[in-house]
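Asker: Okay, here's the structure, questions in a sec.
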Amino acid sequence: MIYTKTGEYAIRAILFLARYPKNKLVMAAEIAKKEDIPSHYLAKILQRMAKYGYVESFKGRGGGFRISKLALNSSILEIVERIEGPVITLTCITGLKECSDENPCPLHEEWNELRDKIYNLIASKTVKQVAQEFDDMLEKNEQIIASK
């Protein structure tokens with residue numbers, strides 16, 4: 001994957017929250033368990049997402065987290081870059097320091113095309129869209145299983 005573990009966990013957590021009932025709060029421990037994310041690590045990620053307004057955090061008895069409207073309407077790219085910084089490096093895929101458009105490595109052109117496709121894909125999809133597509137996929141799979 002193109003993300004660090006932090007970015008991957010942030011995406012998994014935000015998509016879990018996007019698919020969770022909007023009027024209910026969920027504890028970080030439940031997200032961690034269902035998504036197989038270390039709970040202490042997830043707690044730090046959720047705190048950071050709350051700081052940036054992607055999740056709402058409620059403390060105390062009956063507390064927990066829920067996704068914000070900002071997050072639902074944000075792209076996957078926006079959230080990951082806010083949490084961990086730029087996700088797609090502009091450096092040479094082969095690691096050459098001299099690689100550029102004027103002095104390309106053997107993979108330069110292909111990497112530029114692939115990098116742009118990945119960037120455009122995660123920049124164009126909102127959390128809400130991805131969560132809906134995920135729900136649709138799960139529903140379709142359940143229908144296939146039920147029909148057998």
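The values are calculated or read from the model by the stated rules, or taken from the named source; none is laboratory data. Computed from a predicted model, the values in this text were never measured in an experiment. Note: ideal-geometry Cβ built from the backbone for every residue, glycine included; neighbour counts use all protein chains shown.
Asker: Can we say Ile2 is part of a loop (DSSP other than H, G, I, E, B) and of a type outside the set (S, T, N, Q)?
Answerer: It is true that Ile2 is part of a loop (DSSP other than H, G, I, E, B) and of a type outside the set (S, T, N, Q).
Asker: Being exposed (fewer than 13 other Cβ atoms within 10 Å of the Cβ) and at pLDDT below 90, is that true of even one residue in segment 27-49?
Answerer: No, segment 27-49 has no match at all.
Asker: Go through the residues of segment 4-16 one by one and say whether even a single one is within 23 Å of Leu138 (Cβ to Cβ), surrounded by 12 or more Cβ atoms within 10 Å (Cβ to Cβ) and among the acidic types (Asp, Glu).
Answerer: Yes: segment 4-16 contains one or more residues that are within 23 Å of Leu138 (Cβ to Cβ), surrounded by 12 or more Cβ atoms within 10 Å (Cβ to Cβ) and among the acidic types (Asp, Glu).
Asker: Another question, if that's okay. Identify all residues within segment 108-148 that are outside any helix (DSSP H, G or I) and modelled with pLDDT of 90 or more; write none if there are none. Don't jump to the end; show me each part of the working.
Answerer: Of segment 108-148, the ones outside any helix (DSSP H, G or I) are 125-126, 148.
Passing the criteria: Lys125, Thr126.
Asker: Given the residues Ile37, Ile11, Ile83, which is the only one that is in contact with a Phe, Trp or Tyr (Cβ under 6 Å, 6 or more places away or on another chain) and either under 23 Å from Gln132 (Cβ atoms) or part of a helix (DSSP H, G or I) (or both)?
Answerer: Numbers: Ile11 fails: in contact with a Phe, Trp or Tyr (Cβ under 6 Å, 6 or more places away or on another chain); Ile83 fails: in contact with a Phe, Trp or Tyr (Cβ under 6 Å, 6 or more places away or on another chain).
Testing whether each residue is in contact with a Phe, Trp or Tyr (Cβ under 6 Å, 6 or more places away or on another chain) and either under 23 Å from Gln132 (Cβ atoms) or part of a helix (DSSP H, G or I) (or both) leaves just Ile37.
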